Amino acid sequence: MQYWLMKSEPGDCSIEDALCAPQGTIPWTGVRNYQARNFMRDVMRVGDGVLFFHSSCAQPGIAGLAEIASQPRPDPTQFDRRSPYFDPKSSREAPRWVCVDVRALRKTRLLPLAELRAQRSLARMWVLRRGSRLSITPVRPAEWDYINGKLLA
């Protein structure tokens, strides 16, 4: 089992929005970074744990827990000319971008970046690295356990 931190702008899709979706499941579309795409395409598996992270907002931080709910598939937004994620170089025969379904499990108290940074046990966490802008990052099992056992318990 792997663990992930997945960033979403709450104005686009919040943990509350995900919980209200049918079966609490949303397609994680619009990822346009090759490294994040490769995580979804090559490493993520159904059942992997997800820290649902609100980003680009007044108080960024972990807002909930979720899990990967599907295998990767072509992201339909790459083919939609009306979508901000349309990619004219992508084709249905050779899609560039993938998405997975994410099932929201529960909303947590907001765990802000400042609180994460204050934890010595999380010092190596990818999201806390200077300049880290990836929307999907791996989370080490020890980091997952610390966050769930000490900070969200």
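The values are calculated or read from the model by the stated rules, or taken from the named source; none is laboratory data. What you see is a predicted model; the values in this text were computed from it and never measured. Using ideal geometry, Cβ is built from the backbone for each residue, glycine included, and neighbour counts are taken over all protein chains shown. Please note that ligands, DNA and RNA were not included when accessible areas were found on the heavy atoms of the full protein model with its side chains. Shrake-Rupley method; radii C 1.70, N 1.55, O 1.52, S 1.80 Å.
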Within the range 46-153, chymotrypsin sites (Phe, Trp or Tyr not before Pro) in DSSP loop having at most 14 other beta-carbon neighbours inside 10 Å:
86
Under the Kirkwood approximation applied to all pairs of distinct alpha-carbon atoms, what is the hydrodynamic radius of the chain in Å?
15.8 Å
From the phi angles alone, apply the Karplus equation (6.51, -1.76, 1.60; θ = phi - 60°) to the range 80-87 and give each ³J(HN,Hα) in whole Hz, x where the residue is Gly or Pro.
8, 4, 8, 7, x, 9, 4, 10
The chain: calculated mean residue ellipticity at 222 nm from DSSP helix runs of at least 4, using -39500 (n - 2.57)
-3000 deg cm²/dmol
For the range 74-130, the Rg and Dmax computed from alpha carbons only, in angstrom
18.0, 47
If ligands, DNA and RNA are left out, what is the accessible area of residue 67 with a 1.4 Å probe, given in Å² to the nearest 10?
50 Å²
Which lysines, on any chain, are close to residue 107 with Cα under 19 Å apart, when same-chain ones fewer than 8 places away are left out?
7, 150
Beta bridge orientation in the range 1-118: antiparallel %, DSSP, nearest 5
75 percent
How many Å² of accessible area per residue for the chain, probe 1.4 Å?
54 Å²
Counting only the heavy atoms of the protein chains, how much of residue 127 is accessible to a 1.4 Å probe, in Å² to the nearest 10?
10 Å²
For the range 124-153, which trypsin sites (Lys or Arg not before Pro) are in a loop by DSSP, counting at most 16 other Cβ atoms within 10 Å?
124, 129, 130, 133
Which order do you get for 140, 117, 81, 45 if you rank them by accessible area with a 1.4 Å probe, largest at the top?
81, 117, 45, 140
Pop out the ³J(HN,Hα) list for the range 6-18 in order, Karplus 6.51 cos²θ - 1.76 cosθ + 1.60 with θ = phi - 60°, rounded to Hz; leave Gly and Pro as x.
10, 8, 9, 6, x, x, 8, 7, 9, 4, 5, 4, 5
Considering Cα pairs under 8 angstrom that are at least six residues apart, work out the relative contact order of the chain and quote it in whole percent.
31 percent
